[in-house]
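Structure record follows, encoded as structure tokens.
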Amino acid sequence: MTQASLVERLTLCGTAPDSEISALAKEAGLARLVAVLVDEVLFRCDAPVNTTPVHVALEVLHGGEEHRTVLWMAAGEPVRVVDGDVDPPTIRRHLRISLTDLVRRLYGPLRPQHSGDFTDVFLPNRPADLSELRGILEATHQAGGTLLSGCTAEGPGLGPLSVKYGSDKWASFHWYTQHYEKHFAAYRDRPVRVLEIGIGGYEGDLGGPSLKMWKRYFHRGLVYGLDLFDKSALNQDRLTALTGDQGNAETLREVAEKYGPFDIIIDDGSHENEHVRVSFDALFPYVRPGGLYVIEDLQTAYWPRFGGTSGPVTGPDTSVGLLKRLQDDLHYREFDPKPGEPTLTQSEVIGVHTYHNIAFIEKGVNGETSIPAWMDDEAWKALGAITPEEGRAKGDAR
């Protein structure tokens, strides 16, 4: 079993019967399963605040087996797993939990943070130097809170997460996360697949802050990023950096065939208007029904150096021009004369939500009917309604 398939199966186990978790533990082995879970916990943990370093043991139990992972926590350092044996008296706290409960805490539905699944042993050994007791007590308390912060699906909103990971989607040039919160809330508990075009980063900086933000926000999600440059050093469980040109439709389709279909696609790539259109045309077919396609940084539709149109009205080949067309496609049943066979976007675009510099396109079945074509003036009069001509005449009379 590959690491990617193991991680994906774990995310699905958050709402699966206990028997599926047991079967996965038997197939992969408890140690390997716990290693994946601990990596997820460490990713979600708050930064340690205890100035006195503390060892904390996380003990996971299943089927008569127990697997212990000792963690080192100290302010100013990332939480890390301690390799090798640790002298038991130096472990200040033991938190024990069943495998099933930990899987559900990490990949199950969102719920308020609590400690009801844990057995806690606080300071199991008397410190050698009681003059340090006050500091040890405080540090042990803080370290336990840090660990618990990582053992939950509940997390901050996208605004704080964007700041935490360094994304510019909030409190920067952009104020996008308020709109993302609105449109993504319904997906947060689902095992979604998310593709973001554009990983970011500069010379000496791999980028990827938004990918980490999506990974934390979608606690059951698989997150993929596509960039023109190799950013595979970012790869970790549930986060994969892919290499490809968003201006190449064939490359985009190959990516989607291998890693899709996707519940959410976000275009935060080059913002070249041609690339925006090529990417949408290539990838929208790979958005699942009920999913979303997001286009960021619409301002380039007005910038000629990005292939945009100067002045107050954008051209049809720009990103905003694309959105105007999709509005027409959404209403294709109202065309007069009636159209023939509908296009893909006429059939499957069911909503276009536009905000300053960002748009959300909903995919589904655009099957809502229109007023029957035979409803002429005579039919309207039979219903007791006035015709448009009569309405205009009354308006003129007033």
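The values are calculated or read from the model by the stated rules, or taken from the named source; none is laboratory data. Treat the numbers as computed from the prediction; the structure is a model and nothing was measured. Quick reminder, even Gly has a Cβ in these numbers, built from the backbone with ideal geometry, and neighbours come from all protein chains shown.
Here's the yes/no breakdown for (1) under 30 Å from residue 41 (Cβ atoms); (2) at pLDDT below 95; (3) not aromatic (Phe, Trp, Tyr):
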site	(1), (2), (3)
193	yes, no, yes
209	yes, no, yes
216	yes, no, yes
227	yes, no, yes
240	yes, no, yes
262	yes, no, no
276	no, no, yes
Expected output for the stretch 70-87 (first residue without any contact (Cβ under 8 Å) to a residue 24 or more places away in the chain, partner of a type outside the set (A, V, I, L, M, F, W, C), Cβ below 7 Å, 6+ apart or cross-chain) is 70/55; 72/53; 72/55; 72/80
Here are some residues: 326, 322, 283. Which one is modelled with pLDDT of 95 or more, out of contact with any strand residue (DSSP E or B) (no Cβ under 7 Å at 6 or more places or on another chain), assigned to a helix (DSSP H, G or I) and under 22 Å from residue 197 (Cα atoms)? 322
Of the numbered conditions (1) in the same structural domain as residue 183 (by TED's automatic domain parsing); (2) among the acidic types (Asp, Glu); (3) farther than 22 Å from residue 196 by Cα, residue 348 satisfies every one except a single condition; which is it? (3)
Could you figure out which of (1) more than 21 Å from residue 294 (Cβ to Cβ); (2) in a strand (DSSP E or B); (3) of a type outside the set (Phe, Trp, Tyr) isn't true of residue 350? (1)
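Which of the residues belonging to the stretch 313-341 are among the β-branched types (Val, Ile, Thr) and crowded, with 19+ Cβ neighbours inside 10 Å?
Of all residues in the stretch 313-341, those among the β-branched types (Val, Ile, Thr) come to 313-314, 318, 320.
314, 318, 320 - these are the residues of the stretch 313-341 that are among the β-branched types (Val, Ile, Thr) and crowded, with 19+ Cβ neighbours inside 10 Å.
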Of the residues that make up the stretch 168-177, is at least one surrounded by 20 or more Cβ atoms within 10 Å (Cβ to Cβ), touching a residue at least 40 places away in the same chain (Cβ under 8 Å) and under 12 Å from residue 216 (Cα atoms)? no
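On the basis of being of a type in the set (S, T, N, Q), over 20 Å from the mean Cα position of the chain (by Cα) and in a helix (DSSP H, G or I), does residue 5 make the cut?
So residue 5 does not fit the description; no.
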Of the residues 293, 286, 224, only one is touching a Pro at 6+ places or on another chain (Cβ under 7 Å) and surrounded by 16 or more Cβ atoms within 10 Å (Cβ to Cβ); which? 286
In the stretch 8-43, which residue that is touching a residue at least 40 places away in the same chain (Cβ under 8 Å) and not in a helix (DSSP H, G or I) is nearest to residue 105 (Cα to Cα)? 14
Cβ-Cβ under 7 Å pairs, at least 6 apart or on other chains, the stretch 114-138 side touching a residue at least 24 places away in the same chain (Cβ under 8 Å) and assigned by TED's automatic domain parsing to the domain that holds residue 103, far side surrounded by 12 or more Cβ atoms within 10 Å (Cβ to Cβ) and assigned to a helix (DSSP H, G or I): 115/148; 122/140; 123/140; 125/89
Quick one: how many residues across the stretch 116-167 are over 28 Å from residue 218 (Cβ atoms), out of contact with any strand residue (DSSP E or B) (no Cβ under 7 Å at 6 or more places or on another chain) and hydrophobic (A, V, I, L, M, F, W, C)? 4
Quick check on this structure: which one of 102, 61 is touching a Leu at 6+ places or on another chain (Cβ under 9 Å), of a type in the set (A, V, I, L, M), modelled with pLDDT of 95 or more and closer than 16 Å to residue 43 by Cα? 102
List every residue pair whose Cβ atoms lie under 7 Å apart, where the two residues are 6 or more positions apart in sequence or sit on different chains, the first residue falls within the stretch 279-295 and is over 16 Å from residue 251 (Cα atoms) and in the same structural domain as residue 344 (by TED's automatic domain parsing), and the second residue, located anywhere, is assigned to a helix (DSSP H, G or I) and modelled with pLDDT of 95 or more. 292/183; 293/280; 293/284; 295/276; 295/319
